[in-house]
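Please treat every number below as a calculation from the coordinates, not as lab data. These numbers were taken from a predicted model, which means no experiment stands behind them. Positions of Cβ are generated from backbone atoms using ideal geometry, with glycine treated the same way; all protein chains shown enter the neighbour counts.
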Amino acid sequence: MKLRLKRIRLCLLIAFALLRTASVFAEDAPETGEMPFIFCESGRNCPMPISSPFLLLRAATFPFQATSDVIEKTPFLRKFFGYSTGTRKGFAFYPKAWLADGNHFGGGLGVTALDLLAKDYKLQAEYLLFTNLGMRAKLIFGNPAAFRVWDRAFSFWFTNRYWKEFEQNFYGVGNNSDTADHSVYAKDRLKTGARVGFELVPRLVFSTNFGFDINQSGSGKGSLPSVEETFLRNQIPGFDQGIHYFVLGFRLDHDTRDHLILSERGGRQWAMYERYQDLGGNEHSYNKIDVNFEHFIRVWRPRYVLWLHNQWQFLERASAGEIPFYHLAILDYDRGLRSFPGGRFRDKGSVVFNVEQRFPLWKRVDGAVFFDAGRVYSGIENFSLKGFKRSLGGGIRARLGRNFLVVLDGAHGNEGFQVTVNILNIFDLLQY
């Protein structure tokens with residue numbers, strides 16, 4: 001009898017929990033009107049108050065929304081959150097985190113100002129230190145509309161970036177590089193320069209950039225073998241050399257997005273040419289062309305967004321020597337193929353296609369499903385529609401104000417499963 005009462009009590013508790021969960025979901029429905037596909041339609045038999053796996057996604061992501069509610073209802077946390085995400089006057093101090101190649105974790109601090117001196121000057125400074133003592137730093141200053149001529153805006157950007165890393169992944173060159181050749185290398189790189197742009201017509205900007213790119217590579221440090229232990233020297237051009245480039249480039253950028261990180265309409269298309277001139281004897285000089293297309297389409301209701309993306313990259317040597325192996329075109333989790341580790345595929349050319357459907361789960365949390373396909377190749381003359389690498393997966397997008405977006409993705413592809421976490425800053429996607 002006692003056992004039966006315990007079972008009845010357990011069933012009642014489970015039923016109450018389900019009803020309470022459903023009521024919480026109903027109260028906090030996304031701002032898109034009715035909640036499709038979640039509750040049973042009236043007049044039909046329904047054993048539970050839910051009828052779709054969509055609710056499971058909402059249940060899994062409920063902690064993100066609950067945390068957001070706590071922040072919004074607590075004055076101190078609300079003010080701190082406002083300052084740390086730049087929602088107050090466009091100025092923010094914020095933490096940085098990164099899982100680098102070699103599974104080393106990095107942490108640091110970032111500062112952004114989106115309206116410095118109330119003159120629309122923009123500043124971003126970031127510093128990260130990794131557990132293996134590698135580091136990254138970035139400093140950017142500029143104005144997208146410094147002054148106007150004939151009612152057209154002139155823009156300028158000064159950029160400085162520094163990398164010091166000890167375990168950068170390398171698997172070889174080519175679309176069929178072998179995971180068994182996984183090795184690492186060390187890299188020191190300083191890239192500094194400026195970009196000046198002119199708005200030809202509304203939303204169409206032509207710009208030119210110039211600067212220096214200073215590189216030094218060496219033996220990797222860690223549990224994996226270093227690149228010179230796995231590959232012949234002629235397979236890793238530029239290894240253990242100091243290479244200094246003067247960089248000159250031109251770019252045409254057409255941007256019709258309605259928001260930099262929360263876009264629902266419009267798109268961005270840009271094409272860029274850069275000349276990397278080796279200042280140490282022209283041995284490693286090369287030309288680089290990038291072409292990018294992306295478009296956002298609102299499907300059905302607000303926050304139901306289809307994202308279409310395609311990017312091409314071409315590199316051509318301009319001397320008798322070879323392009324440094326660490327400057328080759330790369331496809332990995334951070335460059336379009338979300339199921340592959342950092343530095344997975346490299347060669348003189350690359351192409352990637354992405355299709356992603358986003359949909360609301362909570363007031364500040366969206367879900368996403370996506371498909372990626374891409375490959376690298378040794379030159380445009382060797383391009384083929386065969387051998388594309390694929391990624392299929394899903395994720396969530398948690399909005400932090402209007403300036404930050406937390407992106408969590410899980411993807412499965414030709415070589416397994418990969419989970420990535422990224423924090424997008426609105427400043428990272430400005431034109432510079």
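For the pair residue 91 and residue 232, a Förster radius of 51 Å applied to the C-beta separation gives a FRET efficiency near 0.50, rounded to the nearest 0.05.
Each of 295, 354, 282 was placed along the dipole of region 70-429 (beta-carbon charges, centred on the mean Cα), and the one lying farthest toward the positive end is 295. All other residues whose Cβ lies under 14 angstrom from that of residue 97 are scored, Lys and Arg at +1 and Asp and Glu at -1, for a net of +1. Projecting label points 7 angstrom from Cα along Cα→Cβ for residue 363 and residue 133 puts them 4.8 nm apart. Each of 299, 184 was scored by other Cβ atoms within 10 Å of its Cβ. Arranged with the fewest first, they read 299, 184.
Backbone N atoms of region 323-364 closer than 17 Å to the 7 Å Cα→Cβ label point of residue 421 belong to residues 334. For an R0 of 30 angstrom, estimate the FRET efficiency from the Cβ-Cβ distance between residue 208 and residue 378 and round to the nearest 0.05. E(calc), rounded to 0.05, equals 0.50. Across the cross-link table entries 73/363; 122/187; 348/386; 288/389; 164/191; 96/389, which are compared at the Cα atoms, the separations over 21 Å belong to 122/187; 288/389; 96/389.
Using 0.36 nm per residue and subtracting the Cα-Cα separation, the extra length available between residue 406 and residue 188 on full extension is 75.6 nm.
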